[in-house]
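Contents: one structure, followed by commentary.
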Ligand SMILES: NC(=O)c1ccc[n+]([C@@H]2O[C@H](COP(=O)([O-])OP(=O)(O)OC[C@H]3O[C@@H](n4cnc5c(N)ncnc54)[C@H](O)[C@@H]3O)[C@@H](O)[C@H]2O)c1
């Protein structure tokens with residue numbers, strides 16, 4: 001399968017490595033406007049200058065390809081997707097679908113009209129913790145979940161000048177999309193509404209708000225909360241995954257660092273405190289996403305993280321964002 005890689009920034013270089021290492025893929029073009037990032041791809045990855053282009057429109061005229069991997073900033077994603085769709089190319093796009101909900105919705109429709117596969121890289125949900133949790137919840141290990149609480153304390157995205165520190169609400173939109181997608185995935189349900197409060201701490205390095213408390217109502221009645229600080233100077237208990245706690249009538253499933261526990265205590269004899277071996281290890285990096293995308297292309301099926309499904313996770317982001325902007329009002333996803 002012939003790939004065009006668009007965007008050779010921090011994440012794009014990781015994709016270049018994974019695409020080059022995959023025996024099923026051939027990188028036929030790389031697209032990047034910044035001279036410095038192009039030069040780095042030549043020096044560090046041996047990319048031939050003859051396949052480096054400044055823009056995707058030029059690249060698609062010069063090379064034959066099957067799909068595009070889009071690793072540009074969120075505000076650019078729809079432009080890349082439209083060019084790919086117009087040229088009949090499948091798209092494996094970095095999250096988030098877009099920085100605007102209306103644009104995300106419109107891009108999803110455009111991909112459907114073009115009849116191509118359009119996948120978004122929600123890699124977090126592919127890791128061992130969410131995969132095993134989903135299985136255990138499906139088997140009824142803690143009974144029907146009533147409440148899910150997620151906390152995320154991280155010293156997140158501190159490179160000066162990056163879009164992460166300059167744009168508003170990046171902690172909510174950029175990190176939130178992974179976590180909200182994992183909420184939907186593990187609970188097996190969609191979100192109905194969000195109430196959110198966001199703010200910044202005096203020492204924070206982000207121009208946008210990097211702290212939040214969000215309350216989601218899920219379609220199956222579960223209350224799911226997300227609270228976090230993206231600019232902590234102190235303890236980071238569980239990396240970018242955060243700590244997760246599912247409460248049901250038969251106890252809790254908890255993510256404690258990289259470990260998963262089932263606990264059942266109240267008035268129990270014997271009590272349960274089991275560490276559960278993870279079905280799949282690893283961080284759910286680009287390799288696993290690429291494998292799923294290629295499998296979907298071969299099977300002519302939509303991948304698990306197809307853009308149409310992903311729009312429901314994007315909806316959680318933008319309902320929370322709208323709520324935060326409107327003083328914490330309950331915002332239904334149907335309003336978006
Ligand atoms: N899935 C994950 O865990 C994960 C992790 C990091 C980043 N990301 C996502 O990857 C994307 C890129 O993030 P990044 O950290 O690499 O950003 P970055 O700013 O380091 O790199 C973006 C690159 O895109 C280039 N670019 C901008 N406009 C372009 C255009 N029109 N055509 C081609 N290239 C263009 C920029 O010059 C830059 O080199 C974002 O959507 C981000 O959210 C995802």
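Some observations on this one:
- Inside segment 137-160, residues that are surrounded by fewer than 17 Cβ atoms within 10 Å (Cβ to Cβ) and within 16 Å of the ligand (Cβ to nearest atom) make up a count of 4.
- Candidate set from segment 61-77 (those that are modelled with pLDDT of 95 or more and near the ligand (Cβ under 9 Å from one of its atoms)); member that is nearest to residue 106 (Cα to Cα): 77
- Any hit, segment 45-60, residues being more than 13 Å from the ligand (Cβ to nearest atom) and assigned to a strand (DSSP E or B): no
- Residue 192 being surrounded by fewer than 20 Cβ atoms within 10 Å (Cβ to Cβ) and touching a helix residue (DSSP H, G or I) at 6+ places or on another chain (Cβ under 7 Å): yes
This table checks each residue for (1) part of a loop (DSSP other than H, G, I, E, B); (2) over 23 Å from the mean Cα position of the chain (by Cα); (3) within 16 Å of the ligand (Cβ to nearest atom).
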position: 80; (1), (2), (3): no, no, yes
position: 84; (1), (2), (3): no, no, yes
position: 88; (1), (2), (3): yes, yes, no
position: 95; (1), (2), (3): yes, no, yes
position: 135; (1), (2), (3): no, no, no
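- Across segment 161-188, the qualifying residues are those that are assigned to a loop (DSSP other than H, G, I, E, B) and in contact (Cβ under 8 Å) with a residue 24 or more places away in the chain, and the one among them that is surrounded by the most Cβ atoms within 10 Å (Cβ to Cβ) is 169.
- Output for segment 103-129, where each listed residue is free of Cβ contacts under 8 Å to residues at least 60 places away in the same chain and assigned to a helix (DSSP H, G or I): 103, 106, 109, 110, 113, 114
- Residues that are more than 10 Å from the ligand (Cβ to nearest atom), buried (at least 18 other Cβ atoms within 10 Å of the Cβ) and not in a strand (DSSP E or B) within segment 1-17 comprise just one, 16.
- Residue that is farthest from residue 88 (Cα to Cα), among those in segment 22-39 that are more than 13 Å from the ligand (Cβ to nearest atom) and out of contact with any helix residue (DSSP H, G or I) (no Cβ under 8 Å at 6 or more places or on another chain): 23
The rows are residues; the columns are (1) in a strand (DSSP E or B); (2) without any contact (Cβ under 8 Å) to a residue 12 or more places away in the chain; (3) touching a helix residue (DSSP H, G or I) at 6+ places or on another chain (Cβ under 6 Å); (4) within 19 Å of residue 119 (Cβ to Cβ).
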residue: 236; (1), (2), (3), (4): no, no, no, no
residue: 270; (1), (2), (3), (4): no, yes, no, no
residue: 275; (1), (2), (3), (4): yes, no, no, no
residue: 303; (1), (2), (3), (4): no, no, yes, yes
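- Checked against (1) surrounded by 17 or more Cβ atoms within 10 Å (Cβ to Cβ); (2) touching a residue at least 40 places away in the same chain (Cβ under 8 Å); (3) part of a strand (DSSP E or B), residue 241 passes all but condition (3).
- The lone exception for residue 329 - which of (1) buried (at least 24 other Cβ atoms within 10 Å of the Cβ); (2) assigned to a loop (DSSP other than H, G, I, E, B) it fails: (1)
- Residue check for residue 114: modelled with pLDDT under 95 and either under 26 Å from residue 32 (Cα atoms) or within 14 Å of the ligand (Cβ to nearest atom) (or both): no
The values are calculated or read from the model by the stated rules, or taken from the named source; none is laboratory data. Source: prediction; values computed, not measured. Cβ atoms come from the backbone with ideal geometry, glycine included; neighbour counts cover every protein chain shown.
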